1. Residue by residue through region 155-191, note down the ones that are touching a residue at least 60 places away in the same chain (Cβ under 8 Å), aromatic (Phe, Trp, Tyr) and either farther than 30 Å from MET212 by Cβ or not in a helix (DSSP H, G or I) (or both).
2. Within the group VAL243, VAL257, which residue is at pLDDT 90 or above, in contact with a Lys or Arg (Cβ under 8 Å, 6 or more places away or on another chain) and either among the basic types (Lys, Arg) or buried (at least 23 other Cβ atoms within 10 Å of the Cβ) (or both)?
3. Report yes if some residue within region 264-277 is closer than 21 Å to SER127 by Cα and assigned by TED's automatic domain parsing to the domain that holds GLY59; otherwise report no.
4. Restricting attention to region 172-183, does a residue exist that is surrounded by fewer than 18 Cβ atoms within 10 Å (Cβ to Cβ) and more than 18 Å from the chain's Cα centre (by Cα)?
5. Which count do you get for residues in region 17-64 that are exposed (fewer than 10 other Cβ atoms within 10 Å of the Cβ), of a type in the set (Gly, Ala, Ser) and closer than 26 Å to SER259 by Cβ?
6. Collect the residues in region 240-264 that are of a type in the set (Gly, Ala, Ser) and either free of Cβ contacts under 8 Å to residues at least 40 places away in the same chain or touching a helix residue (DSSP H, G or I) at 6+ places or on another chain (Cβ under 7 Å) (or both), keeping them in residue-number order.
7. Cβ-Cβ distance below 9 Å, separation of 6 or more or different chains: which pairs start in region 204-222 with a residue that is in contact (Cβ under 8 Å) with a residue 40 or more places away in the chain and closer than 29 Å to TRP297 by Cβ and end on one that is in a helix (DSSP H, G or I) and among the aromatic types (Phe, Trp, Tyr)?
8. So how many residues does region 221-274 have that are polar (S, T, N, Q), assigned to a helix (DSSP H, G or I) and farther than 18 Å from GLN128 by Cα?
Amino acid sequence: MTSVTTNAAARRHGAWRRNQRRLAPLMFIAPGALMFLVYVVVPIFRSMSISFYDWDGMGAMKWIGFGNYVELWSDPAFLVSLENNLIWLVLYMLAVPAGLFIAIFLNQNVRGIRIYKSLFFFPFVISQVVVGLIFTWFYAPDFGLLFKLTQMLTGTGTAILADERYATYGIIVAGLWPQIAYCMILYLTGLNNVAPDQVEAARLDGAKGWKMLWYVIIPQLRPATFIAVVVTVIGALRSFDLVSIMTQGGPYGSTRVLSYYMYEQALSEYGYRMGYGAAIAVVLFFIMMVFISGFIWKMYRDETER
């Protein structure tokens, strides 16, 4: 009996040793994968199911099928929010090239460069709420610096956040400040991994300036560019905190974005329409997935063509 038990234990031990290389990574990934499943994947599908109901979050759920989605396309506030999100997407992408050029400027071995790096990195480490407050004061009528400057130059001060023509662009500028700093950090890390032998070979072939950047440096920064683009797209589509702090969707609802309008409909005092808010969240999710899936496919295709 003892020999049978010993043989069984030896077989189990041998099976573990044979499969250790394959099982060990799975064991390390399992806790994070489980949390991702519980807190991300399951809520996504739950939101999709709730979007087919009329529900206030507490009472009985009433099935209405695609009623919430039909209402969305006839809702002027939703259309304004969708348009603003597209504006955010287009202008927010300026953070990627801006971060690249600042990183190239800072990637030097000169005295005091660490101080300049710290100054450029500073916006990334402060809270978005603080960023929103700083720019709210910067744009403020009567005492805001921008208001004073426009008053000196034109004779009439411009209250950016009080003008529905400019308010969205003012918030985007506030968001670009920390986002450029984040892209800069990614590119600084990427520049440290650029192969020096390729740079030297390109110099011997006469490449310099834009040609060196375009044909030698940027191709080696593809991983950093991929992460910068994905994070920037996600930041542009979320963009809740700055809108909430700076304008709360005003003036006259002109600065609403999908994430903030979802909050208004589902959780704010304007009405607990959980089903309608879930429908807005689903639309936002699919817009995000279209962009991110495109970037992932392009990255995969580039890697397989090597």
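1. Answer for region 155-191, where residues must be touching a residue at least 60 places away in the same chain (Cβ under 8 Å), aromatic (Phe, Trp, Tyr) and either farther than 30 Å from MET212 by Cβ or not in a helix (DSSP H, G or I) (or both): just TYR169.
2. VAL243
3. The answer is no; no qualifying residue exists.
4. No, there is no match, as no residue in region 172-183 is surrounded by fewer than 18 Cβ atoms within 10 Å (Cβ to Cβ) and more than 18 Å from the chain's Cα centre (by Cα).
5. 2
6. Hits for region 240-264 are SER244, GLY249, GLY253, SER254, SER259.
7. LEU221/TYR187
8. 2
The values are calculated or read from the model by the stated rules, or taken from the named source; none is laboratory data. Everything quoted here is computed from the prediction, not taken from an experiment. Because the Cβ atoms are built from the backbone with ideal geometry, glycine has one as well, and the counts that use them run over all protein chains shown.
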